[in-house]
Structures are given as C-alpha cells and as structure tokens.
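Trainee: First the structure, then my questions, so here it is.
None of the figures in this text is laboratory data; all of them are computed from the coordinates on show. Not measured: the values here are computed from a predicted model. Note: ideal-geometry Cβ built from the backbone for every residue, glycine included; neighbour counts use all protein chains shown.
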Amino acid sequence: MADVDDAGWARRSSVRVVPAARPRKLAKVPFVELADGRLQGVVSSGSDIERVYVSSLTSGTHAYHCSTNNNRPCGGLRGTPCKHLEALADEAILQYGLDRVARYLRVDAGDGVTTGAELLGRLDARHEPTQAAVVFSRFLRHLSYLEVPSSTTPLPELHWFPSTGAGR
Amino acid sequence: MLGTQLTALTDGHPAGLTDALDLVAGVDAALAHGLARVGEADAAALASLAAALGTTPLADLVAEAVDKICAGSVTPEHLAALAGARSALLGAAHDALLGQLDAALGRGRVPWSPAPPAAPSPVLAGARAWLHEVAVTGWRGVDHELVAAAGTPVEAALAAPESRRLAVLLDGLAAELRACVPVAAMPQVPARRWADLWARGVLLAQDAGAVDPVTEVDRVDGRLLPLGVDVHEHDTAMQIQVHAILEPAAGGPPRLVRTAVGAAKVDTIVGPALWRLLQAYPTLLAALAQRRGVTVADLPVRGADLRWQDDRAQLDGPVDPFAAARVLLPGAQAAATAPLDRHPAAIAEPVLLEGYAVGDHDGDLVLELDGRPLAVAVDRLPSCGPLTPELVAASSACLGLLRWDDGRWRLQPLAVRATVKRKAVDVHTGDWACGITDAKVAKAEAKAGDAVAVLRERAGRLLRR
Ligand SMILES: [Zn+2]
C-alpha cells in the first residue's frame, strides 16, 4: 500500500491507504474489482449490446469461471481461460497495477509479466463453475451509484479523503 | 501570512496536546486489537482515558464503559461512550490548534449557535451493528465477510438523504478495509485514521446525534468572492468545497465562508471527469473556471457553511482570488466549527503566502517565510486540476489551506502564481471545472473516452430490467 513503511503512518489521520484507480477505457470491461477474495468483473459482449459476460478468478485457488449474466456458460472456456478473463485481467492490471492484482490473487508474477494473458499463464488455473448472480448484482449496485442524486449537504468526513495525484 | 505569523503558529504545541494524542493512540491500539478480549496494555490505556475524562460531564459514562469493556461485556452504549471520549479529546485538540492559528493570524471567529436536533433515522441501527462488530473484532481481524457485511447498512444509509454523511463515511472505510484484507498481514495498520472514521461513524449513527442539515439558522445575501476549491474523493463519493469571502449585502465585515457540492461516483471515474458529476451547479463551476464573483440571494447558512443553491446565484464580474485574499482575508470573520465536526483533520483555513523561498527538506517541498519552513501538502493536490507540485515549486505566491496532521502544520495549495517559461501564470485547482483548458491533457482524456457516459449507457441498459 501507499506509504505503509513510513513510521508516522499509524498516527496520521489523512493517509492514502488505497491508491486511486488509474484511469482506463471502460467500453470493453465496464467493471473490475478485487473483492470477496476474487478478481471479478463484467465484460461487454462484442456482438450483442444487451449481453454481458461475468468473469471471475479466485484468489489462492485460482479457480476461474465465465458465463453470461443469465448463467449460460461462456463458449470460450475450453480448458483454458477465455478472452473475457484475459480482458478482465488486462483491465485489472491497468486499474490497480500489476503488483496489487498479483498480491491479491497470491501469484508470484515474476519478471516479464505485463498483460493479463501473461499473468493468467503464470497460474495453475482450473475451471470451476460459480454463480454469476453475486458478481452481476455487485455490478448493478456499482452502476446504481450513478443514479444517486448530487447533494449540497457538506460532508465533513470527506476531509479524511483528499483528492490526490495531480499531474498523473 | 507573514513570517512572524508562521513563527507564532509553529512555535511549540498547545499545552496538553501531546498528552491528549497519547491517550487517543491508546484507544487506537485497542481498536486495532479488538475489544473481544482486552489485553493488559490496552486495558491500562483505556483506564488512563477514563481517568483523563474524570472531571468532565462524560466521566461516569466513560468510567463504566471502560470497566465493562475490559471485563469483556461490550454493549452499544459502551462503544458510544468510548467513541464519545475519544472524540472529546480530539475536539479539544482541534479547539486548541485552531485557537493557536487564530491567535497567530489575528483571525476573528464567531461562536457556534446551537441547531435544533433532527428526528433519528431508521437506517442507523444497521450501521451501529456493523461498527460494533468491527470494534469487537479489531482491525487486525477484519476479513472478507466482515467487509461484505457493510454493504447492507451502506446501501440503506445512502438511500436516505439525511444519513448521507454516514453512508459516505462507511463506504469509504469499508473500501479501504476491503483493499487491505487480510489486515493481519499488513506490517502496520493506519490506526489513527481508521479509529477516527470508526468513532465519527459511531457518533453519526446515534439516534441523538442526528443534526438536521436542512433547517438552517440563518440566510444571507451578498457577493461571494471564491478564493479556491478543495477537492475530496474516495471510490464512491466526491465533493468540492469552495472557500470564499462573502461580502454581506446588509453590510458588516466580510465573512470567511465555504460551500460544498458533491456527488456519488464509482472508482473508475477519476481526474477531470469528476467535474462532469457536478453539472447541476453550472453557476458555481463557471465562477471557478472563469474566476468570477457570484451574487447570492437568500442562501441558507450555518456557521461558515453556505448551503449552495445554484438558482439563487448569479455570476458577477471577474475576481482575482489573490487580490481578494490580500485585501479582505486579514479582516474576514471566520466561524466556529460545528461541535460534532471538531477534529484536527477538519481544520482547513485559507491563507495567502507571498515573498517566500521554495526549499526542500529531506525530499519534502517547503515554503520558507523569514527562514521558517512550512511543508507543502503535495499529496492533497487533486488529479482533476492543473495545479502540480512542479508549479508550486516554481511559485511566488500561494493561496492555500492550513492543515494539521500528526504534530505539524502543512499548507495545501489551492492556487499559485508561478513563472513558467519566463511568463507569470495563475493556476488554480478549479481551472478545469468547465472543461480541461490544457490541450495536451484534453487530448489524452478524449482518447481515454468518457467514463461517465459509458457507465450511464450500461446503467440505462442493464439496471431497470
Ligand atoms: Zn468468457
């Protein structure tokens, strides 16, 4: 994490504990997260604007799955991770940085890994069906933030959360 | 701000500050370990806390709470007393530090006038239960399950406008915990910060703690001269807080005020895209981008906080924030902080610095007035604006907020007058409020695509099915 080795860290109120997400294009993979012990997210279908794929990769065990949001298995899973999982890993690396993704998944990424496909290649990954519903409902919850009306109520607690990263 | 003022500000700590913060650190350590089984060192720290508050109105409540917590029976009332005791100490620290600042700057401050309490919200119980679980578990024991359990109270609090503060706080805290799981594996935890957020959460979640943000005690007309804008954000919330001088239409001294507008967001909306979430406030954004004054009519105000209503605001002529600060800031009347908000982290006092030397102290950027250094909070420069550490380093005048954290004062720049390629330029954090004015940055942003639009399209297609 940010400046965790700094001795004053434990006695400061305003420390950036989690680096802000890095900007990335959202068109292909609108949602990526490291949560519930998984790298998980939603990949928009290239052919059908109404369809999305829900992909996930479990930390530690490296079990993966991909299906439509209606639980129809992804046709691209043929004993190896599909292109949706690769796209998910690519975008996770852009958003969080390789170190954080690798640490969360408990992978030793080693040298020479820059893309999602390369990261997936380092795993002894295996397919294990999981329900798409949990991840998909988290995505819908994620989207619902955009529907919360803006507000003129001062939020004094946000002084603990300064915006940072100028000139990034 | 003069060299003598900076000297007065940074010459020694207010009496008792170090002792108070040591007591707070004791509570912080206990919360890191969890209150399920309080060890000897934590029990001693909590006993010192109770003793320190022995002559205050909280004495009996805190003494009983500490007894029971150390004996292993933790009730919600005990946790409220613990959070209250810790907050009282930091409130006193806030008052002492702000007093030191006011004395150094000669800044006058009108006292707080009490506001009527509001009806308790039904969503608070869920938040209290989660905060209880967290305190009993301790930061070091936080796992995925406990983090996930924040989801329901956050969702409930977010749906109720009166509990927005609580919702935004809990969501920010939960996101940090989520990113840090397993917390036990961290070399050290941000104990002060998380205990700050926990204690504030507990207080905001009390039925008696509800303060109606809508019923204001006062309304004002006048001319608003923006000094600068402070930007806050975490994964799911953002807020801009504009610091300004208000010249009341009714006459009297100018007032140092601020006004905040904010929006919910998601983690992938960052940088200049933040401004696009505030399109409901075009007058305020235009005032920032064009550096104009604003005439406001019948705007509700409580303490220093103007409650913004864009339809009661009209753009006025150009304002040079540096000139406004130079002429009006020394005599402007500040206002006291709301009682519940008193915490050193809430201190954000506008000042103008000129005639300084830029220096480097062990890698920290500092501004030196008469040889006295003031560290620059470069980590508080927002990614949505053009103000960078390099510009601060090249500056000759700086408008900023004085802040205090972990034993020292720092300056958070809001605007600088700097020399770039032998030309004088003014750069403000709010310069991009109505769009990016730097062609290179604008091009990069355009290439990255419009995150807000993509997500709104996805929401429109997928949310209501
Ligand atoms: Zn797939």
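Trainee: Would you mind checking the range B:444-465 for residues with the amide N under 12 Å from a putative spin-label position 7 Å along Cα→C-beta of A:GLU147?
Mentor: Inside the label zone: B:459-465.
Trainee: Something else about it: Pop out the ³J(HN,Hα) list for the range B:286-302 in order, Karplus 6.51 cos²θ - 1.76 cosθ + 1.60 with θ = phi - 60°, rounded to Hz; leave Gly and Pro as x.
Mentor: Values per residue, Gly and Pro as x: 5, 4, 6, 5, 9, 6, 10, x, 9, 8, 10, 10, 6, 8, x, 9, 9 Hz.
Trainee: Now, a different point. Hey, could you get me the Stokes-Einstein D for the range B:1-159, Kirkwood radius over alpha-carbon pairs, 20 °C and 1.002 mPa s, rounded to whole µm² s⁻¹?
Mentor: 119 µm²/s
Trainee: For chain A, give me every cysteine whose Cβ has no other Cys Cβ within less than 4.7 Å, ordered by residue number.
Mentor: Singleton cysteines: A:CYS82.
Trainee: For B:ALA397, list long-range residues whose amide hydrogen, built 1.01 Å from N in the peptide plane, is under 5 Å from its own amide hydrogen.
Mentor: B:ARG417
Trainee: May I ask for the equivalent-ellipsoid semi-axes of the protein assembly as shown, computed as the square root of five times each C-alpha gyration tensor eigenvalue and listed largest first in whole Å?
Mentor: They are 39, 32, 24 Å, listed from largest to smallest.
Trainee: Here's something else I'd like to know. Please state the shape class of chain B: rounded when a/c is under 1.5, otherwise prolate if a/b exceeds b/c and oblate if not, all from the C-alpha gyration tensor.
Mentor: Here chain B falls in the prolate category.
Trainee: Would you please state which residues of the range A:136-161 a label at A:ASN71 would reach in this model, taking the label point 7 Å out along Cα→Cβ and a backbone N cut-off of under 20 Å?
Mentor: A:136-141, by backbone N distance to the label point.
Trainee: Then there is this: Cα centroids of the range B:361-410 and the range B:4-74: how far apart, whole angstrom?
Mentor: First find each Cα centre; the distance between them is then 31 Å.
Trainee: What ranking of B:MET186, B:MET1 emerges when the number of other C-beta atoms within 10 Å of each C-beta is taken as an exposure proxy, fewest first?
Mentor: Going from least to most buried by this count: B:MET186, B:MET1.
Trainee: In Å, what is the Rg of the alpha-carbon atoms in the range A:49-168, and how long is Dmax?
Mentor: 17.5, 53
Trainee: Can you flag which of B:LYS421/B:LYS447; A:LYS83/B:LYS265; A:LYS83/B:LYS443; B:LYS421/B:LYS443; A:LYS25/B:LYS421 are past 24 Å Cα-Cα?
Mentor: The answer is B:LYS421/B:LYS447; A:LYS83/B:LYS265; A:LYS83/B:LYS443; A:LYS25/B:LYS421.
Trainee: So what is the diffusion coefficient of the range B:224-303 in µm² per second by Stokes-Einstein at 10 °C and 1.306 mPa s, using a Kirkwood Rh over Cα pairs?
Mentor: 116 µm²/s
Trainee: Here's a follow-up. Viscosity 1.002 mPa s, temperature 20 °C: give me the Stokes-Einstein translational D for the range B:340-428 in µm²/s, with Rh taken as the Kirkwood radius over C-alpha pairs.
Mentor: So the translational diffusion coefficient is about 160 µm²/s.
Trainee: So for the pair B:LYS443, B:ARG37, with labels modelled 7 Å out along Cα→Cβ, what separation do we get in nm?
Mentor: Modelled inter-label distance: 6.4 nm.
Trainee: Under a plain spin-label model, where a point goes 7 Å from the Cα along Cα-to-Cβ, how far apart in nm are A:LYS25 and B:ALA118?
Mentor: About 4.3 nm separates the two model spin labels.
Trainee: Pop a pseudo-label 7 angstrom from the Cα along the beta-carbon direction at both A:ALA133 and B:ALA184 and give the gap in nm to one decimal.
Mentor: So the label points at A:ALA133 and B:ALA184 sit 3.1 nm apart.
Trainee: Looking at the range B:277-375 from every direction and averaging, what is the projected area of its Cα convex hull in nm²?
Mentor: 9.4 nm²
Trainee: Here is a follow-up. Rank these for me by crowding, B:ASP19, B:ASP341, going from fewest to most other beta carbons within 10 Å.
Mentor: Least crowded to most crowded, the residues run B:ASP19, B:ASP341.
Trainee: Also: Just to confirm the number: angle between the C-alpha axis of helix B:164-180 and the first principal axis of chain B, 0 to 90 degrees, nearest 10?
Mentor: The answer is roughly 80 degrees.
Trainee: Computed over the Cα atoms of the range B:136-233, what is the convex hull's projected area averaged over all directions, in nm²?
Mentor: 9.1 nm²
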